[in-house]
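Inspection log for the structure reproduced underneath, given as structure tokens.
Computed from the coordinates by the stated procedures, all read-outs in this text should not be read as laboratory data. The shown structure was predicted, so the numbers you read here are calculated from the model rather than taken from an experiment. In this analysis, Cβ positions are derived from the backbone assuming ideal geometry, glycine residues included, and neighbour counts consider all displayed protein chains.
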Amino acid sequence: MPRASQRRSPAAQRHTDTVRFVLFEARPAGLAFNQLVRSSELSPSQARAGLACLWDTIAERRTRVDGYKFCSDSAELQAYEVAIIREKLTEIRRFITGVAGPHAALQPRGRWIKHLNTQLSSVESTLEVIADHIDA
């Protein structure tokens, strides 16, 4: 079964339109999720479904210049995907050095931190392989 945002029922479209309207009214400051729920008078699940559908709708309409890239050119798609992977790799590395590293120093024998470091190292190496991939 497709995600709620992909079903795009009339109700989901109404929630999306409501969320879009509220967010446009709040710009440029934006809203926290609880503020969005209160302002839109939607339930939290309706607001989430509206946000998910809105993200999907925006993604279909945006271009690389606007911040998203969804096209049929394989080279452009790969360049965009590698750029996103490099961003995520930087985030993971900062998390490792800023959070997991100090935690490991405090509890070097901790079972949780050993497991976390193993998994993060695996993720880091996988992302690094993808980020360094150059199509020959």
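Each residue of the stretch 30-35 in order: what ³J(HN,Hα) in whole Hz does its phi give by Karplus 6.51 cos²θ - 1.76 cosθ + 1.60, θ = phi - 60°, with x for Gly and Pro?
x, 9, 6, 4, 5, 5
Roughly speaking, what is the stretch gain from residue 29 to residue 103, that is 0.36 nm per residue apart minus the C-alpha to C-alpha distance, in nm to one decimal?
Between residue 29 and residue 103, full extension yields 23.1 nm more.
Taking 0.36 nm per residue of separation and subtracting the Cα-Cα distance, what length does fully extending residue 73 through residue 43 add?
Between residue 73 and residue 43, full extension yields 6.8 nm more.
Describe numerically, in nm with one decimal, the distance between label points set 7 Å from Cα along Cα→Cβ at residue 95 and at residue 55.
That separation, rounded to one decimal, is 1.5 nm.
Within the stretch 31-53, what residues put their amide N at less than 13 Å from the label point 7 Å along the Cα-to-Cβ vector of residue 21?
Zone members listed by number: 39-42.
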